[in-house]
Amino acid sequence: MERKDFSSWLEGPPQPNSQQWPGEQLGRPERGPGSVARFPRRLMAVFLDWGLSMLISYWLFSSHELATLLVFFAGQLLGVGLLGHSLGHRLFGMQVQSMDGDAVKPRQGLIRSVLLCLFIPALVVDKDQRGLHDRLAKSILVNIR
């Protein structure tokens, strides 16, 4: 009887169409403009956006939790839905685009913003590092520099 390595069955069957980098199968470059934005910069951008929302909520609404969430939602909706990026995205060199590379439509921005405020969809990611909020909105967060 031949001994098999544990890693062979733990990793599952070989994937003939495995990709080298996130976004490769979507036609996105590995690095530079148009490449998929990676997790650390995404996290920094959302922390910045949330921090600004907390400051505005503190200043205008005595730090009420629902007000903070609504300020964050408004910032995402207006920023992403109209400009293609929030302030955090812009400062970290990222932009939300439709899957075809065009600017997101306001409806896509609305879907993405609502799901992002639910938080959990942002944690469910695919092999292209697109969260559930991006997949359902048919959008992708890419680097612009």
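The values are calculated or read from the model by the stated rules, or taken from the named source; none is laboratory data. This one's a predicted model, so the numbers in the text were calculated from it and none came from an experiment. Counting neighbours? That spans all protein chains shown, and the Cβs are built from the backbone with ideal geometry, glycine included. When the accessible area is computed, the model is the full protein with side chains, heavy atoms only, and any ligands, DNA or RNA have been set aside. Shrake-Rupley method; radii C 1.70, N 1.55, O 1.52, S 1.80 Å.
How charged is the neighbourhood of His85? Take every other residue with its Cβ under 13 Å from the Cβ of His85, and add Lys/Arg as +1 and Asp/Glu as -1.
Once all neighbours under 13 Å are counted, the net charge is +4.
Which entry is the computed Cα extents along the principal axes in Å for this structure: [x] 72, 33, 24; [y] 103, 74, 34; [z] 42, 30, 27?
The calculated read-out lines up with [x].
If each of Arg145 and Phe47 carries a label point 7 Å out from its Cα toward its Cβ, how far apart are those two points in nm?
Those two pseudo-labels are separated by 2.0 nm.
In the stretch 78-145, carbon and sulfur make up what percent of the accessible area (probe 1.4 Å)?
Ligands and nucleic acids excluded, carbon and sulfur reach 66 percent.
Divide by every residue of the chain the summed helix terms, -39500 (n - 2.57) for each DSSP H run of at least 4, and state the resulting mean residue ellipticity at 222 nm, rounded to the nearest 500 deg cm²/dmol.
-14000 deg cm²/dmol
Using the heavy atoms of the protein chains and a 1.4 angstrom probe, tell me the accessible area per residue for the chain in square angstrom.
With the other protein chains kept in place, the chain gives 65 Å² per residue.
To the nearest 20 debye, what is the magnitude of the charge dipole of the stretch 85-145 about its Cα centre, counting +1 on the Cβ of each Lys and Arg and -1 on the Cβ of each Asp and Glu?
100 debye
For the stretch 32-94, what number results from the quotient of the Cα radius of gyration and 2.2 N^0.38 Å?
1.18
Apply the Kirkwood formula to the stretch 58-118: the hydrodynamic radius equals the inverse of the mean of 1/r over all pairs of different alpha-carbon atoms; give it in Å with one decimal.
Hydrodynamic radius (Kirkwood, Cα pairs) of the stretch 58-118 is 12.0 Å.
Roughly how many Å² of Phe73 are accessible to a 1.4 Å probe, to the nearest 10?
50 Å²
Just how large is the dipole of the chain about the Cα centre, in debye to the nearest 20, putting +1 at every Lys and Arg Cβ and -1 at every Asp and Glu Cβ?
240 debye
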